[in-house]
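Colleague: The structure under discussion is supplied below as structure tokens; questions concerning it will follow.
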Ligand code: FES
């Protein structure tokens, strides 16, 4: 089956030496580009949990994961697979428990089923990173 991917030229690969995580707008989407050892990875900036920004989240280059700071979920930045889901601990866990006592939405928010992050293909050409998004 032929893939229908539209490639978009993004930014100079040298810019990742100083800034290995960059947020780039492509049409309506915000794409987060992450450079690890030598590869570039692209994912939708919207966390699949509540749609909040993954930008400036901590990446674990050894496990190839990105950790959403809002409700402690982590995802493979290569495949989008869920590595950890709503794993809140300590004081944060207490606050979530407290909110859920009074707020039905907070309770629903913390009982959502795990969902993969959206990832995109990347390539390097002309010394630039490109992202491939299905049409
Ligand atoms: S918005 Fe990312 S885990 Fe909740």
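Bear in mind these aren't lab numbers, they're just calculated from the coordinates by the rules spelled out. None of these values were measured; they are calculated from a predicted model. Cβ sites come from the backbone with ideal geometry, for glycine too, and all protein chains shown count toward neighbours.
Colleague: Let me know the whole percent of all Cα-Cα pairs from the stretch 96-135 that are separated by more than 13 Å.
Modeller: Values: 529 of 780 pairs.
Beyond 13 Å sits 68 percent of the P(r) for the stretch 96-135.
Colleague: For the stretch 64-109, just run the numbers: alpha carbon Rg, then divide by 2.2 N^0.38 Å, N being how many residues it has. Walk me through the numbers before you get to the answer.
Modeller: On the way: Rg = 12.4 Å, N = 46, 2.2 N^0.38 = 9.4 Å.
Normalised by 2.2 N^0.38 Å, the Cα Rg of the stretch 64-109 equals 1.32.
Colleague: Along each of its three principal axes, how wide is the spread of alpha-carbon positions in the chain, in whole angstrom units, largest first?
Modeller: 55, 34, 24
Colleague: Further question: Packing-wise, with mean Cβ within 10 Å as the measure, how do 57-68, 86-97 rank, highest first? Intermediate results must be reported in sequence, preceding the final value.
Modeller: Details: 57-68: 16.7, 86-97: 12.5.
Ranking, from highest mean packing down: 57-68, 86-97.
Colleague: Working from Cα positions, state the angle (0 to 90°, nearest 10) between the long axis of helix 90-102 and the longest principal axis of the chain.
Modeller: 60 degrees
Colleague: Continuing with this model, one more query. Summarise the long-distance tail of P(r) for the stretch 53-133 by giving the % of C-alpha pairs beyond 22 Å. Display every interim value, and only then the final one.
Modeller: Numbers: 1242 of 3240 pairs.
In whole percent, the long-distance tail amounts to 38.
Colleague: Give me the percent relative contact order of the chain, please, defined on Cα pairs under 8 angstrom at least 6 residues apart. Write out the running numbers ahead of the final one.
Modeller: On the way: 238 pairs, mean separation 39.4, N = 135.
Relative contact order comes out at 29 percent.
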